[in-house]
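Below: the structure, in structure tokens.
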């Protein structure tokens, strides 16, 4: 369990209006307002209910396979010749990424609320697969919205979801990618208000989603604290994680925000580079309002939303969770960025040195480890969140490297 | 500038009929054609004009209005050019109220104070911003009221009696009842259910109550007009624009009349509602 927040803490947000500083909020149509107020009430009640936590703990252990190991990457550390690098092995979770941590929490909440139908948006398909998996486990109807472009480029995950009993709806509107999938999920929710639970996949959307998803993902950081104490007898010196919406990152970061000696780095996807097409909302965006919250967004001069680009479909979103926007502005977390090329290089490096094929998303964080670790002393303890496994990306990387499978 | 709105609803009330509120998207299919449509609407029977401000991610809109927005954006429609449209319309019509309808981000990025000043100067009467519920009133609603613009709120089938007073509190101009839980242009509402919802809202407010979402035909308009102070038609008009376009998506000589013909028929429907009752 996370310890109680201290006064003057970075961990007490959001406020009662769902704000982290100016970010967050509840920018939704009136039809949805009563639903998110009800969700907030139900979540607050569940948080106080030991039975809810006990049930979640049991499924974490026996279904997801937690705790995930904190693994000392010895060969990577030797290769880089600086900081001692640990990998938080979220890729070993059932379904292959951190996404399942959040979905488990939300599905248990949906069950508690008596909802029979679950909807979700997905980009690369990892959140869709995790949602389809838990819906199968609990016998709930599952509808996953996925941009038509993503449906075409992530065929294996589409098939996985269907095999798990979910209906996959290819979204033809707008740019036909993740942001449009989220629009379409919101349109479905507005239409099916009585029986439907919207399971958002990241720390974005209207309050209470950003903090609720963060709470469900904070198991990553809570475990890391305990494991590092056990392995090294102290806290890590730095944390690093990739950031699309930012759920794996906030899950690792949040339990450490009030430890001033722990340096924290988020890594945005710089795509072709910050001067070209990218998905780095903080580095290349401005504050705006989309999908229920105020945050940094990629948009044009007139406030029209632009498409994010990243080689990794999971980072390909033109926004970022509001808590990250706030952590950036107050300077508690430093946000770096990583190009497609750097990520592909890190993808290969980790595969060769550690026998672990990372998701392209996680490879963005690995790339910055490669940059930072050599500049740090050997007793510096660095934890990188290995948020997902890279099996899903193998065909794409093969094609990039000129190998036809 | 709620005076134009008040005067127009008073006029309709005096004639014992519902007002016809017509929605078109600014800049659809292009700036010039949408100005021509705008200018022709009052003559065809529109009492109030809702002018949609295009946005890339309209989460409460169905395919018709989504596509209209994308058509307009393709030609570079923006907040600035939308206000130009209002200004050009106002040069020839100082009586028909114009309410801008859209999403918050383009307004936020333009700058709230600058937007309110420019909108008022251009001749805008009110605003409907879909993603600003009462919980976010400090963002735009309260500044808009202070600047003299009406802030029209949406009430929906999920707005229960506990919530209704909060929804109505800072609403001005009129109340827009969303007839279905859903997106624009989708299902046709159950008119009996809508009538009792309108009656329920009228017990809480003296403002006119208009009904929209899913109203497509003169018959629908007539059914709504029996109990409501106004009928909103949007997706059907936007669809009339779309079907009038040529193969390359350009306006044709039929585009303006496609809209005005439908508006005339809808106006007749709205007027017949109470006569038939």
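The values are calculated or read from the model by the stated rules, or taken from the named source; none is laboratory data. Bear in mind that the values here come from a model prediction, so they are computed numbers and not experimental data. Cβ coordinates were reconstructed from backbone atoms using ideal geometry, including for glycine residues, and neighbour counts include every protein chain displayed.
Below is a table of values for the structure above.
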{"quantity": "Strands (runs of 3 or more DSSP E) fully within the range A:1-93 counting 3 or more residues that are within 14 Å of chain B (Cβ to nearest Cβ)", "calculated": "A:23-27"}
{"quantity": "Test: residue in the range B:184-206 that is within 18 Å of the chain's Cα centre (by Cα), within 14 Å of another protein chain (Cβ to nearest Cβ), free of Cβ contacts under 8 Å to residues at least 60 places away in the same chain and buried (at least 20 other Cβ atoms within 10 Å of the Cβ)", "calculated": "yes"}
{"quantity": "Residue that is surrounded by the fewest Cβ atoms within 10 Å (Cβ to Cβ), among those in the range A:171-181 that are part of a helix (DSSP H, G or I) and at the interface with chain B (Cβ under 8 Å from one of its Cβ atoms)", "calculated": "A:180"}
{"quantity": "Odd one out for residue A:194 among (1) more than 24 Å from residue A:309 (Cα to Cα); (2) modelled with pLDDT of 95 or more; (3) out of contact with any helix residue (DSSP H, G or I) (no Cβ under 7 Å at 6 or more places or on another chain)", "calculated": "(2)"}
{"quantity": "Residue A:224 being away from every other protein chain (no Cβ under 12 Å) and within 24 Å of residue A:360 (Cα to Cα)", "calculated": "yes"}
{"quantity": "Failed item in (1) crowded, with 21+ Cβ neighbours inside 10 Å; (2) within 13 Å of another protein chain (Cβ to nearest Cβ); (3) touching a residue at least 24 places away in the same chain (Cβ under 8 Å), with residue B:223 passing the rest", "calculated": "(2)"}
{"quantity": "Strands (runs of 3 or more DSSP E) within the range A:242-317 that include 2 or more residues more than 14 Å from chain B (Cβ to nearest Cβ) and either crowded, with 24+ Cβ neighbours inside 10 Å or modelled with pLDDT of 95 or more (or both)", "calculated": "A:263-271"}
{"quantity": "Scan of the range B:246-268 for residues that are surrounded by 13 or more Cβ atoms within 10 Å (Cβ to Cβ) and modelled with pLDDT under 95, ordered by number", "calculated": "B:249"}
{"quantity": "Residue match in the range B:152-165 (condition: free of Cβ contacts under 8 Å to residues at least 12 places away in the same chain, surrounded by 24 or more Cβ atoms within 10 Å (Cβ to Cβ) and either part of a loop (DSSP other than H, G, I, E, B) or more than 14 Å from chain A (Cβ to nearest Cβ) (or both))", "calculated": "yes"}
{"quantity": "Count - residues of the range A:107-132 that are within 18 Å of residue A:169 (Cβ to Cβ) and surrounded by 21 or more Cβ atoms within 10 Å (Cβ to Cβ)", "calculated": "15"}
{"quantity": "Residue in the range B:8-17 that is under 26 Å from residue B:143 (Cβ atoms) and part of a helix (DSSP H, G or I) present", "calculated": "yes"}
{"quantity": "In the range A:187-199, the residues that are closer than 17 Å to residue A:40 by Cβ, part of a helix (DSSP H, G or I) and within 9 Å of chain B (Cβ to nearest Cβ)", "calculated": "none"}
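Yes/no per residue for (1) out of contact with any helix residue (DSSP H, G or I) (no Cβ under 9 Å at 6 or more places or on another chain); (2) assigned by TED's automatic domain parsing to the domain that holds residue A:296; (3) closer than 26 Å to residue A:221 by Cα:
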| residue | (1), (2), (3) |
| --- | --- |
| A:9 | yes, no, yes |
| A:14 | no, no, yes |
| A:25 | no, no, yes |
| A:32 | no, no, no |
| A:36 | no, no, no |
| A:41 | yes, no, yes |
| A:46 | no, no, yes |
| A:51 | yes, no, yes |
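Let's see how each residue does on (1) over 17 Å from the mean Cα position of the chain (by Cα); (2) closer than 23 Å to residue B:61 by Cα:
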residue	(1), (2)
B:217	no, yes
B:226	yes, no
B:230	no, yes
B:239	no, yes
B:243	yes, yes
B:258	yes, yes
B:271	yes, no
